1. Which condition number does GLY110 fail, the rest of (1) free of Cβ contacts under 8 Å to residues at least 24 places away in the same chain; (2) out of contact with any helix residue (DSSP H, G or I) (no Cβ under 6 Å at 6 or more places or on another chain) being met?
2. Would you mind listing the helices (runs of 4 or more DSSP H) fully within region 1-107 where at least 1 residues are over 13 Å from the mean Cα position of the chain (by Cα) and over 30 Å from VAL138 (Cβ atoms)?
3. Among the numbered criteria (1) within 13 Å of the chain's Cα centre (by Cα); (2) at pLDDT below 95, which one does ASP165 miss?
4. Applying the selection to region 113-162, what residues are polar (S, T, N, Q) and free of Cβ contacts under 8 Å to residues at least 40 places away in the same chain?
5. Could you tell me whether region 33-43 includes any residue that is modelled with pLDDT of 95 or more and closer than 16 Å to SER111 by Cβ?
6. With respect to ALA89, is the statement that it is surrounded by 16 or more Cβ atoms within 10 Å (Cβ to Cβ), without any contact (Cβ under 8 Å) to a residue 40 or more places away in the chain and under 20 Å from ALA77 (Cα atoms) true?
7. Give the residue, chosen from ASP76, ASP72, ASP64, that is modelled with pLDDT of 95 or more and farther than 20 Å from LEU125 by Cβ.
8. With respect to ARG84, is the statement that it is modelled with pLDDT under 95 and either in contact with a Phe, Trp or Tyr (Cβ under 6 Å, 6 or more places away or on another chain) or closer than 25 Å to ILE120 by Cβ (or both) true?
Amino acid sequence: MVRWEPGSRGRLEQAAFELFGSKGFDRTTVAEIAARAGVTERTFFRHYGDKREILFAGAQLLQDLLVDAVLDAPGDASAAEAARCALAAAGAFFDDRRPASRYRQAIILGSEELRERELIKLATLSAALADALRRRGVADPAATLTGELAIAVFRVAFEAWVTDDGPATLSERCRDSWEALRVVAADG
């Protein structure tokens, strides 16, 4: 095997997704991923802390995208409007990634360990949104509630988007889910 070859991160990701799909996440080893990618296990660990990280490598990018959208929202935007800006940015990011998102979601749903990790990721995103709202001057509990609600809306919209073959984009699903939340809240 070549000691350090360009593109190894992409090959590791492709190999992992293929193996996770055929063998399942729990039955796939790091050694198998590295071998299929044509690299050493040491190269694997240069890129990823463990095999779960392949599925969650984009979490920081998503968090940055959401936070930046909240911070870049118009200065007079309410907390809810800033959160909707974040959801619109996330939707735009994912809209052309439906097949990969679907595949990733199926892998996650097949493993209890990954479902727990996904919940941790969502909680981290909620906290980051709340913090961004506080930086905009939104006081608690409004900042925390808005961050939690935005991620709940995103989760519901994302699950519908990856399981439905309809033409709706994730952006549209997020907008519809936010409207459903508004209706539910108004009913109280």
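The values are calculated or read from the model by the stated rules, or taken from the named source; none is laboratory data. All of these numbers come straight from a predicted model, not from anything done at the bench. Here the Cβ positions follow ideal geometry from the backbone for every residue, glycine too, while neighbour counts run over all protein chains shown.
1. (1)
2. On the way: elements: 8-23, 30-37, 41-47, 52-56, 59-72, 79-94.
Output list reads 8-23, 30-37, 41-47, 52-56.
3. Of everything listed in (1) within 13 Å of the chain's Cα centre (by Cα); (2) at pLDDT below 95, ASP165 misses just condition (1).
4. Narrowing region 113-162 to residues polar (S, T, N, Q): 124, 126, 144, 146.
Hits for region 113-162 are SER126, THR144.
5. Yes, region 33-43 has at least one match.
6. Working: surrounded by 16 or more Cβ atoms within 10 Å (Cβ to Cβ): yes; without any contact (Cβ under 8 Å) to a residue 40 or more places away in the chain: yes; under 20 Å from ALA77 (Cα atoms): yes.
Yes.
7. Numbers: ASP72 fails: farther than 20 Å from LEU125 by Cβ; ASP64 fails: farther than 20 Å from LEU125 by Cβ.
The match here is ASP76.
8. Details: modelled with pLDDT under 95: no; either in contact with a Phe, Trp or Tyr (Cβ under 6 Å, 6 or more places away or on another chain) or closer than 25 Å to ILE120 by Cβ (or both): yes.
Considered against the rule, which asks whether it is modelled with pLDDT under 95 and either in contact with a Phe, Trp or Tyr (Cβ under 6 Å, 6 or more places away or on another chain) or closer than 25 Å to ILE120 by Cβ (or both), ARG84 comes out as no.
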